[in-house]
Amino acid sequence: MSLLTGIRVLDFGRFIAGPYCAALLGDLGADVIRVERVEGGEDRYMPPVTEAGEGGLYLQMNRNKRGMTLDLGHDDGRRIVQQLVATADVVVANLPPATLTQLGLDYATLSALNARIVLATVSAYGPGGPYSERPGFDSIGQAMSGAMFLSGLPDAPARAAVPYVDVSTAQALAMGVLAALWSRERHGHGQHVEGSLLRSALVMGNATIIEQALRAPDRVPQGSRGFTAAPSDVFRASDGWLVVATIGQPMFERWCRLIGQPGLLDDPRFADDEQRGNHSLEISALMADWCATRSRDELLQALARAKIPAAPVLSPQQALDDPHIRATGLLQERPIAGSARHAPIAPHPVDLSQDAAQFVHPAPTLGQHTQEILAELGYDAAAVAALRARRVV
């Protein structure tokens, strides 16, 4: 029996923040039902990787779910939602507040149907402000938290290519759901768990914003160089790139000895992490010269012996081939529903020693479990056929 066996989750989410929250709960044993438009959600097909056109994002975000189609705008569709809510413990929806109310997925409506329901919602900007009704994706969090500004170069900000704001929001939302379920066991009623992309992004960038508020350094972008330590940068070896992070006096002393520059320890420009950050261009130049004539493996081995954190900068293909990633099973080949192919799906982000998260089944094909789920609600084959004929499901 898994940790969340017996917990039913209705997933009305799209793209990442909502669906990945639900997938994390599914990893822990919850029965997750993805409720999707009859024609399929747009997030199903980005970027297309299977014979049916389903996307890599969809395969990752919707593992361990059953899938059904449903027209939420149809009266019969709404009745089915109400029946599902009566059987559920959690509803996940990353939809604008007005849309939630319109579809009958707001907390007031859901809790009237089931007082023990936990509603988990995500918006772009969060409630209560002038932007609350605006739509948004991962990049708005990167942009408005200061991260995009500081990650670029002086002439242009830079967006991270991976959706870290979406993913961190989903993880935080899942934590909130688990806390709400625990609270329900103590108090008997559900509650509304609410997150936003901007909120998560500000959490991740908070230290820099605190520094600005209290000291006003007005930092400007400087590529990959660290602001408060050095050498902390990306460097080119003779056959590739690596990232190095040297933080703290003991590590800096080891780095000076490693590159044969012990005299740097007497230079007042490099007296502590802050000073080294202020003069990181000079330190990075020294490190770049030392790296340029050596192979990446040679550099990584030398840095490992000196106990200085470093790693190769890998392409997606190199990540697939990396011996550590392969040995630790961090990208395991998993089946794809409706296909003979397999996909490297990243596992649940943490391991529990007694209640291990599991990959049970792949992301569902469109409407794969509609008949099964409706049968659980008491619909016979003729009733389901009638719903299909009217495109309710």
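The values are calculated or read from the model by the stated rules, or taken from the named source; none is laboratory data. It should be emphasised that the depicted structure is a prediction, and the values quoted were computed from it without experimental measurement. Cβ: placed from backbone, ideal geometry, glycine included. Neighbour counts: every protein chain shown.
For the list (1) within 21 Å of LEU387 (Cβ to Cβ); (2) surrounded by 19 or more Cβ atoms within 10 Å (Cβ to Cβ), I need the number of the one condition that ARG78 fails.
(2)
Kindly state which helices (runs of 4 or more DSSP H) lie completely within region 64-154 and contain at least 1 residues that are farther than 19 Å from ASP166 by Cβ. Show your work before the answer.
Numbers: elements: 75-87, 97-103, 107-113, 138-144, 147-151.
Helices (runs of 4 or more DSSP H) meeting the threshold: 75-87, 97-103, 107-113, 147-151.
Residues of region 203-252 being farther than 30 Å from LEU173 by Cβ, surrounded by 13 or more Cβ atoms within 10 Å (Cβ to Cβ) and hydroxyl-bearing (Ser, Thr, Tyr), which ones?
Across region 203-252, the qualifying residues are SER224, THR228, SER232, THR246.
If I filter region 1-18 down to residues being in contact with a strand residue (DSSP E or B) (Cβ under 6 Å, 6 or more places away or on another chain) and crowded, with 24+ Cβ neighbours inside 10 Å, which single residue comes out as nearest to GLY104 (Cα to Cα)?
So in region 1-18, the residues in contact with a strand residue (DSSP E or B) (Cβ under 6 Å, 6 or more places away or on another chain) come out as 8-13, 17-18.
Okay, now just the ones that are also crowded, with 24+ Cβ neighbours inside 10 Å, so 9-13, 17-18.
Details: VAL9: 16, LEU10: 13, ASP11: 14, PHE12: 12, GLY13: 14, ALA17: 20, GLY18: 17 Å.
In this case the residue turns out to be PHE12.
Provide a single number: the residues in region 321-345 that are within 14 Å of GLU54 (Cα to Cα) and either in contact with a Ser or Thr (Cβ under 8 Å, 6 or more places away or on another chain) or small (Gly, Ala, Ser) (or both). Write out each step before concluding.
So the first thing to find is which residues in region 321-345 are within 14 Å of GLU54 (Cα to Cα), and the list is 335-343.
Of the ones still in play, those that are also either in contact with a Ser or Thr (Cβ under 8 Å, 6 or more places away or on another chain) or small (Gly, Ala, Ser) (or both) are 336-341, 343.
Looking only at that region, the number is 7.
Contact list please: Cβ distance under 6 Å, first residue in region 343-371 and closer than 15 Å to ARG66 by Cα and in the same structural domain as ALA22 (by TED's automatic domain parsing), second residue of a type in the set (Ser, Thr, Tyr) and modelled with pLDDT of 95 or more, pairs at least six apart or on different chains.
What qualifies is ALA363/TYR58; GLY367/THR69; THR370/THR69.
In this structure, does GLY378 turn out to be small (Gly, Ala, Ser), more than 18 Å from ASP27 (Cβ to Cβ) and surrounded by 15 or more Cβ atoms within 10 Å (Cβ to Cβ)?
Details: small (Gly, Ala, Ser): yes; more than 18 Å from ASP27 (Cβ to Cβ): yes; surrounded by 15 or more Cβ atoms within 10 Å (Cβ to Cβ): no.
Considered against the rule, which asks whether it is small (Gly, Ala, Ser), more than 18 Å from ASP27 (Cβ to Cβ) and surrounded by 15 or more Cβ atoms within 10 Å (Cβ to Cβ), GLY378 comes out as no.
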